[in-house]
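Chemist: This is the structure I want to talk about, given as structure tokens.
The values are calculated or read from the model by the stated rules, or taken from the named source; none is laboratory data. All of these numbers come straight from a predicted model, not from anything done at the bench. Glycine also receives a Cβ, built like all others from the backbone with ideal geometry; neighbour counts cover every protein chain displayed.
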């Protein structure tokens, strides 16, 4: 029997490494060797060596690419970009190599040169953001002024007011928000009461849990939590509704028919949220207090009867007035911000998505800023 000899061949490289040499003879000439293809240029050490060698060359020198083994569009594009999208002073190339370079030159737009980042680019971007914020504030102030005029018109002719729209928005923004606000408020009350209980037990001050929960939930967390939930839920809906009307050209049709955007679109939503927001805030606060009572009863053994009996002594009436006024301001601002961003939507789907996102972020930011302003201005209200 014949024995077959098995010979294992070492894998041959698929390409030869690309190289570059600069000859300093009578006229400087750059000679290229190897395979200038994507597979060879993908090797990181090879790429670093080539980029370092290319730094000392430019299109004013003579280039000899006849010694290249292979040249694909990646290598040709690298050379074309390095030459500054212009032909070098002298080019020695074969027919196939010249065709590849000409093909890359034709497909590269004249203005496609890579822009180097400027040092002042970050400062310019910051300036654009500031100018955009100032423009948004100006539009918001204009909408507020127009809302006051529309309220005067409503009081002069209440029979012509859009009561049906107000009623519909009141249901959509208020009644349908009760389940989620109650759930979140209850959980926040449980967590807050549990954490405070652990700290108060160290000092034997368990009875002060009523004061902490009453003031924090009724004065701050209740209205703030309700406003954030409504801003994410109803503020985005307002922007999406008006933005869709912009995309479908309904706003243009209303203007042609002489229908006021402010009176028919902004006023019903602002009035509805101004009425619904205090009610939703009170509902959220009540749910949070219920969660706090449950956690206090389990951890500190403070009965619900003692909690609700001590609550009026811990929370004064002006605190309730302040929380109600704050909630009304939150509701009106959320509605106005949603309307402003809805009016700014361009007739395309991308602008609609960006406007909806910006509306939610702006509404939550403004709510937090206004809450901080209320806390500073009325820091002595509601405390003995």
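Chemist: Looking at the stretch 302-335, which of its residues are within 30 Å of residue 253 (Cα to Cα) and either free of Cβ contacts under 8 Å to residues at least 24 places away in the same chain or over 21 Å from the mean Cα position of the chain (by Cα) (or both)?
Modeler: Hits for the stretch 302-335 are 331, 332.
Chemist: Show me the helices (runs of 4 or more DSSP H) entirely contained within the stretch 165-262 in which 2 or more residues are modelled with pLDDT under 90 and either under 24 Å from the mean Cα position of the chain (by Cα) or within 29 Å of residue 372 (Cα to Cα) (or both). Explain how you work it out, then say what you get.
Modeler: Values: elements: 178-203, 209-215, 222-230, 236-247, 250-256.
The qualifying helices (runs of 4 or more DSSP H) are 178-203, 209-215, 236-247.
Chemist: With the condition kept exactly as written, say whether any residue in the stretch 336-348 is surrounded by fewer than 17 Cβ atoms within 10 Å (Cβ to Cβ) and without any contact (Cβ under 8 Å) to a residue 24 or more places away in the chain.
Modeler: no
Chemist: Further question on the same structure: If only one of 330, 307 is at pLDDT 90 or above, on the phi < 0 side of the Ramachandran plot and surrounded by 16 or more Cβ atoms within 10 Å (Cβ to Cβ), which one is it?
Modeler: When all the criteria are applied, what remains is 330.
Chemist: Still on this structure: Run down 381, 345, 329 and say which single residue is out of contact with any strand residue (DSSP E or B) (no Cβ under 6 Å at 6 or more places or on another chain) and within 22 Å of residue 261 (Cβ to Cβ).
Modeler: From the options 381, 345, 329, the qualifying one is 345.
Chemist: Among the residues of the stretch 62-85, which ones are more than 19 Å from residue 37 (Cα to Cα) and either modelled with pLDDT of 80 or more or not assigned by TED's automatic domain parsing to the domain that holds residue 103 (or both)?
Modeler: 62
Chemist: Sort out which residues of the stretch 40-78 are part of a helix (DSSP H, G or I) and more than 18 Å from residue 104 (Cα to Cα), and write them in order of number.
Modeler: 40, 44, 45, 46, 47, 48, 49, 50, 51, 52, 53, 54
Chemist: Please give the number of the condition residue 289 fails out of (1) buried (at least 22 other Cβ atoms within 10 Å of the Cβ); (2) under 29 Å from the mean Cα position of the chain (by Cα).
Modeler: That leaves (2) as the condition not met.
Chemist: Does at least one position in the stretch 272-284 carry a residue that is under 25 Å from the mean Cα position of the chain (by Cα) and either without any contact (Cβ under 8 Å) to a residue 12 or more places away in the chain or within 23 Å of residue 182 (Cβ to Cβ) (or both)?
Modeler: Yes, the stretch 272-284 has at least one match.
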